[in-house]
Amino acid sequence: MKDWEKNLDLLIRSRTPLIFIRSNEEIRVQKLLEESSKRMHPRRLAIWDYIKGIEGLINSKGIAAKQPIAVLQWLQNVESNNPTTLLLKDFHRFCDDPGISRMLKNLSYELKQTPHNIVLCSGSWTPPIDLDDSLTILDLPLPKQSELKILLANIASSSGSPLANEVLEELTRACSGLSESRVRQVAARALAQRGKMGKEDLVEVLAEKRQNIARSEVLEYCETTATEADIGGLDALKGWLSQRYMAFSEEAKAFGLPLPRGVLLLGPQGTGKSLTAKAIADSWSMPLLRLDVGRLFAGLVGASEARTRETIQRAEAMAPCILWIDEIDKAFGGDSRSDGGTSQRVLANILTWMSEKKSAVFVVATANAIDRLPGELLRKGRFDEIFMLDLPTSEERFSILNLHIQQRRPSLEINLQAIVDRTNGFSGAELEQTVIEGMHFAFAEKRELQETDLILACSQLVPLSRTAKEQLESLKEWSSTGRARPASIHINF
Ligand code: ATP
């Protein structure tokens with residue numbers, strides 16, 4: 001018996017009155033409860049839903065249909081010599097009703113004297129504070145690889161075409177992170193199309209995983225064409241990243257290395273933080289998932305934590321992958337009193353996940369300023385490393401300008417020294433802007449881009465470093481205390 005089942009049995013046996021199983025997989029939960037009831041014979045499982053009323057018990061079939069209070073009263077009257085687990089489907093929807101909430105609280109005391117338990121199940125519900133003390137929460141993890149393997153093998157053999165071991169292994173690995181019902185859907189589609197499952201289904205599994213991301217309101221699957229070759233400078237950061245990548249291998253695991261957790265990229269606007277996140281995904285051949293933190297907090301109060309959990313599950317389903325948390329300072333830098341502590345709780349959830357995570361989800365967080373970043377996030381052990389992306393040095397400016405010119409006018413040779421000298425304090429984005437502006441001048445006069453166009457373009461641009469001087473100074477000062485590593489090799493703090 002697996003740990004989770006043992007836990008469930010223990011809760012039931014130890015007379016836990018109200019159990020809330022956090023999962024969207026209602027059918028799987030029902031099956032697990034059926035098995036648990038069998039193990040604890042003569043325990044009975046009753047299932048209630050709003051439309052059908054009670055099911056599973058012949059004598060009580062149909063009782064309390066459309067009457068949520070009545071089903072609770074029914075359980076109150078069940079004799080103790082008939083130990084009963086009652087699965088209430090969609091019941092979280094009724095819990096805001098004062099009568100139901102009171103009744104559940106009463107039952108949380110009364111049922112302790114009986115062998116009966118109530119089980120609620122939902123993946124997207126955050127219980128109201130009133131009920132917090134009465135409910136015991138049990139998170140149902142996604143199926144493990146071993147469970148998926150059995151599931152896939154069973155589906156394939158009952159279709160009459162068992163899978164070759166190698167294909168089964170590959171499919172199992174690919175399905176890792178999907179819920180049981182999603183795996184069944186993929187299998188059903190394969191059987192309907194070709195009458196059997198096979199290697200061809202790997203593409204379907206990947207598509208299913210992408211859809212899983214698309215269904216999320218918070219995650220976005222980023223298609224990116226940026227590569228490491230598109231980054232000028234930042235050599236220390238690039239070197240560190242290629243070293244970390246090696247830690248994902250089986251050899252590194254055998255060597256005893258933990259999976260890399262993630263990196264925090266700090267720096268003023270336009271210094272290549274987003275570009276780096278995209279380039280990591282490309283050079284590590286991992287999907288890039290962008291987390292829109294603003295959306296975590298959108299909508300109903302209390303929904304944010306459930307959404308965070310769901311987002312983490314979805315990201316883990318895509319592992320190995322890069323989870324890019326853009327502008328993390330803006331999300332968690334607010335006043336916690338103004339949102340009833342929601343942002344603090346969401347941050348705590350993310351931090352706990354980051355420090356305990358065993359999955360190959362590499363977090364790349366980006367921020368412009370440290371004064372708004374919560375201290376917990378900067379503490380050692382959260383990220384593998386914190387990098388400071390400063391404004392580019394003269395060598396870096398040369399390589400960034402060169403890169404952007406080569407991307408647009410591949411065979412053009414141009415002397416860049418004068419522009420490099422005039423662009424001290426420019427960010428990578430501003431250097432790119434300089435190239436584009438210069439090209440506009442040249443194009444308007446129907447000729448090739450020249451050094452003078454670039455000189456004119458940079459003289460007309462006021463770099464942000466001139467206007468946001470203070471912010472940059474405080475970032476540099478903080479980094480210089482050794483708390484962040486310089487992303488460029490030439491900089492000595
Ligand atoms: P923000 O804090 O505003 O999100 P950022 O640091 O994430 O800024 P990016 O979005 O990565 O900045 O940079 C914007 C654009 O500037 C990039 O798409 C790229 O074209 C150019 N750029 C910035 N830094 C570099 C660099 N080091 N090498 C080449 N191009 C760069």
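Values in this text are rule-based calculations from the coordinates and carry no lab data. In this text, all values refer to a predicted model and were calculated from it rather than measured experimentally. Glycine also receives a Cβ, built like all others from the backbone with ideal geometry; neighbour counts cover every protein chain displayed.
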Descending Cα extents along the principal axes, region 56-158, whole Å | 48, 36, 27
Under the rule of -39500 (n - 2.57) per DSSP H run of 4 or more residues, summed and divided by the residues of the chain, what mean residue ellipticity at 222 nm is obtained, to the nearest 500 deg cm²/dmol?
-> -14500 deg cm²/dmol
Can you give the angle from 0 to 90° between the axis of helix 303-317 and the longest principal axis of the chain, with both taken from C-alpha atoms, to the nearest 10?
-> 80
What angle do you read, to the nearest 10 degrees and between 0 and 90, between the alpha-carbon axis of helix 180-194 and the longest principal axis of the chain?
-> 80
Mean projected area (nm²) from the convex hull of Cα positions in the chain is 29.9
So which lysines can Lys149 reach, going by Cα to Cα under 27 Å and dropping same-chain residues fewer than 8 places off?
-> Lys2, Lys6, Lys31, Lys38, Lys196, Lys199, Lys209, Lys253, Lys357, Lys358
Highest mean first, what order results for 86-94, 36-44 on Cβ atoms within 10 Å?
-> 86-94, 36-44
Please report the relative contact order for the chain, taking Cα pairs under 8 Å with a sequence separation of at least 6, and give it as a percent rounded to a whole number.
-> 13
Any chance you could give the angle, 0 to 90 degrees and rounded to 10, that helix 273-283 forms with the longest Cα principal axis of the chain?
-> 70
Which whole-number percent gives the relative contact order of region 73-195, counting Cα pairs below 8 Å spaced six or more residues apart?
-> 23
Could you state the principal axis extents of the C-alpha atoms in region 145-215, from the largest down, to the nearest angstrom?
-> 33, 26, 18
On the first, second and third principal axes, largest extent first, how far apart are the outermost C-alpha atoms of region 197-333 in Å?
-> 49, 43, 32
For region 194-264 and region 417-493, write down the distance between their C-alpha centroids in whole Å.
-> 31
Going fewest to most other Cβ atoms within 10 Å around each Cβ, Ile150, Ile58 line up as Ile58, Ile150
